[in-house]
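> Quick one: the structure is below, and I'll ask about it shortly.
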Amino acid sequence: MPVVYVTRRMHFSAAHRLHSDELDAEANRQLYGLCNNPLGHGHNYELEVTVCGEPDPATGMVIDLKVLKEIIQRHVIDLVDHKHLNHEVDFMAGRIPTAENIAVAIWEILVRQLPIRLHEVKLYETERNLAVYRGE
């Protein structure tokens, strides 16, 4: 049977502040610039979650997209949408909320929740900036 990759795209809005406790205030300002604003700033994130597997002979589907959507919604979107990632999202505690770290954290959640192999988490912070994680 062929292996097929299926992707669900979802959206959320969230605020964050890029700041490292390991750096002094000036180093944080130089490294993160406007993203180091003490009150944070927001993004309209696009999240793509890709799973893979063999299509079921009876249904023709790798996964029911409604099921995939519900898992992502319940375990990720509901927890981050319209939240401040530094202060309100437990799974981001202790992590600098860069797109890279957010993508890894989302992977860590979804890999335990999905009934199928997770292939990739792709997070667009802006139209031009994105992070991709494949569990490596």
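> Add -39500 (n - 2.57) for each DSSP H run of 4 or more in the chain, then divide by its residues: what number comes out at 222 nm, to the nearest 500 deg cm²/dmol?
On the way: 3 runs with 31 residues, N = 136.
The helix-only estimate for the chain comes to -7000 deg cm²/dmol at 222 nm.
> Could you tell me which residue out of Gly42, Ile63, Leu85 lies farthest along the dipole of the chain toward its positive end? Charges go on the beta carbon: Lys and Arg +1, Asp and Glu -1, centred on the Cα centre.
The residue sitting most towards the positive pole is Ile63.
> Taking the chain as the reference, fit the longest principal axis to its C-alpha atoms, fit the long axis of helix 99-113 to the helix C-alpha atoms, and give the angle between the two in degrees, 0 to 90, nearest 10.
With rounding to tens, the tilt is 40 degrees.
> Find the Cα radius of gyration of the range 14-136, compare it with 2.2 N^0.38 Å by division, and give the number to two decimals.
Numbers: Rg = 16.4 Å, N = 123, 2.2 N^0.38 = 13.7 Å.
In units of the 2.2 N^0.38 Å rule of thumb, it is 1.20.
> Where both partners of a DSSP beta bridge lie in the chain, what percent of those bridges are antiparallel, to the nearest 5? Numbers along the way, then the final one.
Values: 24 of 26 bridges.
Percentage antiparallel, nearest 5: 90.
> Give me the distance between the Cα centres of the range 108-128 and the range 37-51, rounded to whole Å.
13
> Percent of accessible area on the chain owned by carbon and sulfur, 1.4 Å probe? List each step's numbers first, then the result.
Details: 3940 of 8020 Å².
After summing per-atom areas, the C and S share lands at 49 percent.
> A follow-up question, please. Figure the gain on full extension for His87 and Glu108 (residue separation times 0.36 nm, minus the Cα-Cα span) and round it to one decimal in nm.
Numbers: separation 21, 0.36 × 21 = 7.56 nm, distance 1.93 nm.
5.6 nm is the gain from fully extending His87 to Glu108.
> Read phi for every residue in the range 123-136 and hand back ³J(HN,Hα) as whole Hz from Karplus 6.51 cos²θ - 1.76 cosθ + 1.60, θ = phi - 60°, with x for Gly and Pro.
10, 8, 7, 9, 4, 9, 10, 8, 10, 10, 9, 10, x, 9
> With every protein chain left in place, what is the accessible area per residue of the chain in square angstrom, probe 1.4 Å? Walk me through the numbers before you get to the answer.
Values: 8020 Å² over 136 residues.
Here the residues of the chain average 59 Å² of exposed surface.
> What is the range 78-136 by shape, rounded, prolate or oblate, if you read a ≥ b ≥ c off the alpha carbon gyration tensor as root eigenvalues and call it rounded for a/c under 1.5, prolate for a/b larger than b/c, and oblate otherwise?
Details: a/c = 1.81, a/b = 1.23, b/c = 1.48.
It comes out oblate by the Cα gyration axes.
> Oh, and also: Using a basic spin-label model with each label point 7 Å from the Cα along Cα→Cβ, how many nm lie between Gln30 and Leu65?
4.9
The values are calculated or read from the model by the stated rules, or taken from the named source; none is laboratory data. The structure presented is a predicted model; accordingly, all values stated were derived computationally and were not measured. Positions of Cβ are backbone-derived with ideal geometry, glycine not excepted, and every protein chain shown enters the neighbour counts. Accessible surface is based on the protein model in full, side chains and every heavy atom, while ligands, DNA and RNA are left aside. Shrake-Rupley method; radii C 1.70, N 1.55, O 1.52, S 1.80 Å.
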